[in-house]
């Protein structure tokens, strides 16, 4: 006697909770893309003004170029990667882990800077960074569960 495993095509109706989970899996990617695009555009268009607002001044055109590369190119690159991850189910989990890494490093450097500079001038930014961190952890868990569910459904 032998048993055969038959694969059945099952059409599953994504219920409201599944659609809500799909949104929550993407929210951090949308937020990160928007935030880093805004940061990069500010420093790409008018680096002297926005650096001065932050207390930074440039003494040469080379300094302005360095600011455009450091404050505009790197955030714009990360925003583009987050945007690509948003639209690719294959890259979404990797994109979420990239954002988690960036957010953790930013928070760690900010806290280290508080200690080194004896100033908490930008402490208010820890609130949205922490919210983003929580959203990222939730999104990673939801995305991992979605990937695992789809992997077992294909088998």
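The values are calculated or read from the model by the stated rules, or taken from the named source; none is laboratory data. Keep in mind it's a predicted model, so treat the numbers as computed, not measured. For neighbour counting, all protein chains shown are included, and Cβ atoms are generated from backbone atoms with ideal geometry for every residue, glycine included.
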Kindly indicate whether residue 76 is touching a helix residue (DSSP H, G or I) at 6+ places or on another chain (Cβ under 6 Å), part of a helix (DSSP H, G or I) and either over 18 Å from residue 35 (Cβ atoms) or modelled with pLDDT under 95 (or both).
no
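In segment 81-92, which residue that is assigned to a helix (DSSP H, G or I) and in contact with a helix residue (DSSP H, G or I) (Cβ under 8 Å, 6 or more places away or on another chain) is nearest to residue 123 (Cα to Cα)?
It comes out as 82.
Can you go through 29, 112 and tell me which one is under 30 Å from residue 147 (Cβ atoms) and either modelled with pLDDT of 95 or more or not in a helix (DSSP H, G or I) (or both)?
Details: 112 fails: under 30 Å from residue 147 (Cβ atoms).
When all the criteria are applied, what remains is 29.
Can you spot a residue in segment 121-131 that is surrounded by fewer than 11 Cβ atoms within 10 Å (Cβ to Cβ), out of contact with any helix residue (DSSP H, G or I) (no Cβ under 7 Å at 6 or more places or on another chain) and touching a residue at least 60 places away in the same chain (Cβ under 8 Å)? It would help to see each step written out before you state the result.
If we filter segment 121-131 for residues that are surrounded by fewer than 11 Cβ atoms within 10 Å (Cβ to Cβ), which is where we start, we get 124, 127.
Narrowing further to those that are out of contact with any helix residue (DSSP H, G or I) (no Cβ under 7 Å at 6 or more places or on another chain): 124, 127.
Those left that are additionally touching a residue at least 60 places away in the same chain (Cβ under 8 Å): none.
No, because not a single residue in segment 121-131 is surrounded by fewer than 11 Cβ atoms within 10 Å (Cβ to Cβ), out of contact with any helix residue (DSSP H, G or I) (no Cβ under 7 Å at 6 or more places or on another chain) and touching a residue at least 60 places away in the same chain (Cβ under 8 Å).
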The listed residue being modelled with pLDDT under 95 and part of a helix (DSSP H, G or I), out of 95, 70:
70
Search segment 73-98 for residues that are closer than 28 Å to residue 46 by Cβ and pair each with any residue that is loosely packed, with under 14 Cβ neighbours inside 10 Å and at pLDDT 95 or above when their beta-carbon atoms are under 7 Å apart and the residues are at least 6 apart or on different chains.
86/30
